[in-house]
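Just so it is clear, none of the values below were taken in a lab; they were calculated from the coordinates. Since we're looking at a predicted model, the values are computed, not measured. All Cβ positions, even for glycine, are placed from backbone atoms using ideal geometry, and neighbour counts span all protein chains on display.
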Amino acid sequence: LSDEIEEFYEILNWSKSIKKLSVRMNADTPEDCQRGLRYFAEGVGLCRTEHMFFKTNRIWPMREMIVSDTLEERKSSLEKLKPYQKNDFIEIFKILKEKPVNIRLLDPPLHEFLPTTPEELQKLSKLMKISMAELKYRLQKLEEHNPMLGHRGCRLAVTYPEIYLMQCEAIIEAALEVKKLNINPNIEIMIPLVATFKEFQFIKNKIEENLMNLYPNIKDINYKIGTMIELPRTCLIANKLSKEADFFSFGTNDLTQTTFGISRDDSGKFIEEYKEHHILEKSPFESVDIEGVGELMKIAVDSTRKENPNFKIGICGEQGGDPKTIEYCHNLNLNYVSCSGFRIPIAILAAAQSNIKK
Ligand code: PEP
Ligand code: MG
């Protein structure tokens with residue numbers, strides 16, 4: 001077995017020396033980060049912060065926050081969540097040291113956090129000291145027919161800016177903490193599901209204003225604020241966005257969903273039949289659809305790089321670990337691909353093969 005491991009690392013090392021694209025990992029926990037580094041990940045390309053709130057000790061303040069009616073209540077729940085977030089980031093920064101860490105601010109539809117069982121409803125009504133009727137009324141107000149196309153991503157930050165402000169405070173406080181250990185983290189704060197220039201500008205200004213007010217030594221922290229590109233509209237305004245954003249990362253899960261108009265959660269149901277009729281060769285979520293999604297990516301990259309040739313652009317959707325997509329990203333001159341830890345060796349090999357092929 002150890003011979004095989006040696007050979008595995010030898011191939012990884014060759015590939016690493018040949019490839020041009022950076023390969024990062026999608027990682028939400030310190031354990032993910034350790035694993036990715038063992039496979040030579042060059043940083044974190046996507047840390048989905050919402051995953052950090054599902055742990056039992058955090059889900060309740062999260063639920064309180066979502067159901068709360070006033071800003072004061074929301075802020076008090078967020079204060080409870082902040083130490084957890086800060087600690088998460090301290091641990092991640094300690095592992096990644098100076099390698100880039102891309103932290104994606106809260107994205108999912110809020111209902112994913114909500115209580116569903118009668119016991120959970122009871123517990124929340126007790127915790128919040130509100131009647132069951134009041135709780136149910138508030139929950140009803142949060143309901144959406146199409147949550148994946150609804151109140152999620154940066155839209156949360158426009159309606160509840162305090163969520164992203166808390167997350168950014170936790171990031172900066174964690175960075176200040178690890179600086180005491182001589183670690184200077186390389187932080188990318190990423191805003192999801194941006195569709196318009198004004199959304200991004202509004203949120204970025206709020207974040208920066210808050211950070212400047214709170215941390216006089218913020219200048220010592222190496223952080224950037226960028227956006228995901230995961231909607232067709234965002235591809236079309238990429239050039240304008242690049243004047244305000246520090247980097248882009250393609251979220252091809254949502255970009256594929258919104259370009260095809262196929263739900264990423266239910267897509268499997270008819271794709272098999274499409275394959276039988278040769279209408280599609282495979283699920284468009286598996287590998288980049290060059291004609292449509294790929295073309296939108298190309299529009300975004302070309303229009304941005306025409307004026308700013310060094311603008312940093314990566315990809316962090318599931319396709320970031322798919323060899324065909326990696327070849328496409330290499331040819332588009334992206335800076336990096338990011339994928340889950342277990343796919344990193346394949347991604348490194350694919351990145352090397354793409355360079356050789358070119
Ligand atoms: C994406 O949409 O491709 C992405 C990486 O974000 P998420 O899967 O978390 O929506
Ligand atoms: Mg997405």
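Some notes on this structure:
- Label zone at Glu6 (point 7 Å along Cα-to-Cβ), backbone N below 17 Å, the range 324-357: none
- Nearest-0.05 FRET efficiency for Asn13 and Ala133, computed from C-beta distance (R0 56 Å): 0.30
- Comparing mean-square fluctuations of Tyr160, Tyr336, Tyr223 from a GNM of the chain with C-alpha springs under 10 Å, the top value falls on Tyr160.
- FRET efficiency for Asn87 and Asn253, using Cβ-Cβ distance with R0 set to 22 Å, rounded to 0.05: 0.20
- The helix-based estimate of mean residue ellipticity at 222 nm for the chain, built from -39,500 (n - 2.57) per DSSP H run of four or more residues and divided by its residue count, is -16500 deg cm²/dmol to the nearest 500.
- Gained length - Asn333 relative to Glu72, 0.36 nm times residue gap less alpha-carbon distance: 89.3 nm
- Between Ile171, Ile18, Ile315, the GNM of the chain built on Cα springs shorter than 10 angstrom shows Ile18 fluctuating the most.
- Residues Thr159 and Thr116, FRET efficiency given R0 of 30 Å [Cβ-Cβ distance, rounded to 0.05]: 0.85
- Environment charge of Val178, counting only residues whose C-beta is closer than 14 Å and scoring Lys/Arg +1, Asp/Glu -1: 0
- Prolate/oblate/rounded label for the range 278-348 (Cα gyration tensor, a/c 1.5): oblate
- Rg and Dmax [Cα atoms of the chain; Å; Rg one decimal, Dmax integer]: 21.0, 65
- Distance violations [Cα-Cα > 27 Å] among Lys275/Lys357; Lys75/Lys224; Lys94/Lys298; Lys94/Lys219; Lys80/Lys243: Lys275/Lys357; Lys94/Lys298; Lys80/Lys243
- Qualifying GluC sites (Glu not before Pro) in the range 16-107, where qualification requires a DSSP coil assignment and no more than 13 other C-beta atoms within 10 Å, comprise Glu98.
- The range 100-191: GluC sites (Glu not before Pro) falling in loop per DSSP and having at most 15 other Cβ within 10 Å: Glu143, Glu144
- Here the Gaussian network model covers the chain, with springs between Cα atoms less than 10 Å apart; of Ile130, Ile221, Ile207, Ile130 fluctuates the most.
- Using 0.36 nm per residue and subtracting the Cα-Cα separation, the extra length available between Tyr274 and Lys298 on full extension is 6.0 nm.
- Extended-chain gain in nm, criterion 0.36 nm per residue less alpha-carbon gap, His145 and Phe54: 30.5 nm
- Count Lys and Arg as plus one, Asp and Glu as minus one, and take only other residues whose Cβ is under 14 Å from that of Arg74; the net charge is then -1.
- Sequentially through the range 155-167, phi angles give Karplus couplings (6.51, -1.76, 1.60; θ = phi - 60°) of 5, 4, 6, 6, 7, 10, x, 4, 5, 5, 5, 4, 4 Hz, Gly and Pro residues having no value and appearing as x.
- Once backbone amide H atoms are built at 1.01 Å from N, Gly317 has Thr252, Asn253 as its partners under 5 Å, excluding neighbours fewer than 5 places away on the same chain.
- Distant-in-sequence amide H partners of Asn102 (H built 1.01 Å from N, under 5 Å): Val44, Gly45, Leu46, Cys47, Glu188
- In degrees, nearest ten, helix 344-357 long axis to first principal axis of the chain (Cα): 40
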